[in-house]
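Worksheet: the structure to be examined is printed underneath.
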Amino acid sequence: MMRWIVGGAVVFALGVGIFGLPPFSGQPTAGFAEGEPGFETGVKRLPNGIYEVSVRTPMPGVSPEMVGWWFGDYMETTEHYRRWFPDAHLWMDWENKVDGQFIGASHLVHEYIGEDLNKLRIQFVEPEEVLGEVNLADGDVAVCARVGLLEEPIYGGEMCHIVRNVEGGAEMRSRFWLGMVAAREGNEAVPSVIGTLGNAYLARLLTVKEASATALLNHCFDEMTILAGFLPKLYADAQG
């Protein structure tokens, strides 16, 4: 899916550049953590051509701290990664990983999203880099990233999970923005012609498809539901 998005944006970039820049509607914000009536879970095309994916996942018995621990402390091997979603997760590795942290690290993965095999680089960043100003409640955890192809220096989207306490456990509200193209140098998104033209409205319209957004929605809900099923015991056992 991500290869199709990024590759298509590159192919179409020169041809669609003459249509100008898209009508930007502002960067993503953390407001989705409070819920959006009518868009708790779903996909929609934004006026700038981006597909926004929204997923709400109940996580009974889970705390936000457990989710932060999963990403920052526990998940180290392909075995761990495959347990998370046995039918879709194939392989993983880390770059620039520091014990106890995930921000600043790149999660390198092979996974199926729908029927498509994706080889991705998920670059975890500070929430402010994706959402701008962020005012999380005490105990909330935000997991935000830029996502691109593993084998190409290009990002094709951004994502953020916000986990907060609710009665009986936690809930995760996830958002993905597909079609946010940027060149990558190391772990940084940098200005480029490809980024400018790849973000043109027509490029996004032609390369970012509803079927891909829907497949990502289903993938996210399934993997986070599986995680919620085993995380409380795993965390308790690790704490001794």
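The values are calculated or read from the model by the stated rules, or taken from the named source; none is laboratory data. Note that this is a predicted model, so its numbers are computed, not measured. All Cβ positions, even for glycine, are placed from backbone atoms using ideal geometry, and neighbour counts span all protein chains on display.
Scanning the stretch 150-174 for residues that are over 24 Å from residue 94 (Cβ atoms) and in a strand (DSSP E or B) gives 164, 165, 166, 169, 170, 171, 173. All conditions in (1) touching a helix residue (DSSP H, G or I) at 6+ places or on another chain (Cβ under 8 Å); (2) surrounded by fewer than 19 Cβ atoms within 10 Å (Cβ to Cβ) hold for residue 166, with the sole exception of (1).
Scan the stretch 204-214 for residues that are under 14 Å from residue 174 (Cα atoms) and either more than 16 Å from the chain's Cα centre (by Cα) or surrounded by fewer than 21 Cβ atoms within 10 Å (Cβ to Cβ) (or both) and jot them down.
First pass over the stretch 204-214, keeping only residues under 14 Å from residue 174 (Cα atoms): 213-214.
Of everything in the stretch 204-214, just one residue is under 14 Å from residue 174 (Cα atoms) and either more than 16 Å from the chain's Cα centre (by Cα) or surrounded by fewer than 21 Cβ atoms within 10 Å (Cβ to Cβ) (or both), namely 214.
Condition first: at pLDDT below 95, touching a strand residue (DSSP E or B) at 6+ places or on another chain (Cβ under 8 Å) and either within 21 Å of residue 102 (Cβ to Cβ) or part of a strand (DSSP E or B) (or both). Can you find one or more residues in the stretch 190-200 that meet it? Scanning the stretch 190-200 turns up at least one residue that is at pLDDT below 95, touching a strand residue (DSSP E or B) at 6+ places or on another chain (Cβ under 8 Å) and either within 21 Å of residue 102 (Cβ to Cβ) or part of a strand (DSSP E or B) (or both). List, please: which pairs have Cβ atoms under 7 Å, are six or more places apart or on different chains, and start with a residue in the stretch 103-120 that is on the phi < 0 side of the Ramachandran plot and end with one that is polar (S, T, N, Q) and surrounded by fewer than 16 Cβ atoms within 10 Å (Cβ to Cβ)? Within 7 Å, the pairs are 105/96; 106/96; 106/187.
Could you list, in sequence order, all residues of the stretch 96-138 that are of a type outside the set (Phe, Trp, Tyr), in a strand (DSSP E or B) and out of contact with any His (no Cβ under 6 Å at 6 or more places or on another chain)?
106, 107, 108, 109, 110, 116, 117, 118, 120, 121, 123, 125
Only residues that are among the charged types (D, E, K, R), under 19 Å from the mean Cα position of the chain (by Cα) and at pLDDT 95 or above were counted in the stretch 166-189, giving 3.
Residues in the stretch 115-133 that are surrounded by fewer than 15 Cβ atoms within 10 Å (Cβ to Cβ) and not charged (D, E, K, R) were compared, and the one that is modelled with the lowest pLDDT is 132. Report yes if residue 171 is touching a Pro at 6+ places or on another chain (Cβ under 6 Å) and among the acidic types (Asp, Glu), otherwise no. The answer is yes for residue 171. Restricting 160, 144 to residues that are within 15 Å of residue 72 (Cβ to Cβ), under 16 Å from the mean Cα position of the chain (by Cα), modelled with pLDDT of 95 or more and not aromatic (Phe, Trp, Tyr) narrows the list to 144.
If you go through the stretch 80-95 one residue at a time, how many are assigned to a helix (DSSP H, G or I) and either aromatic (Phe, Trp, Tyr) or farther than 17 Å from residue 224 by Cα (or both)?
So the count comes out to 2.
The residue list 62, 67, 147 contains one member that is part of a strand (DSSP E or B) and surrounded by 19 or more Cβ atoms within 10 Å (Cβ to Cβ), which is 147. For the stretch 123-151, which positions are touching a Leu at 6+ places or on another chain (Cβ under 8 Å) and free of Cβ contacts under 8 Å to residues at least 40 places away in the same chain? Of everything in the stretch 123-151, just one residue is touching a Leu at 6+ places or on another chain (Cβ under 8 Å) and free of Cβ contacts under 8 Å to residues at least 40 places away in the same chain, namely 144. Of all residues in the stretch 54-79, those that are more than 16 Å from residue 225 (Cβ to Cβ) and in contact with a strand residue (DSSP E or B) (Cβ under 8 Å, 6 or more places away or on another chain) total 9. Considering the stretch 91-107, and only residues there that are buried (at least 17 other Cβ atoms within 10 Å of the Cβ) and in contact with a helix residue (DSSP H, G or I) (Cβ under 7 Å, 6 or more places away or on another chain), the residue that is nearest to residue 189 (Cα to Cα) turns out to be 102.
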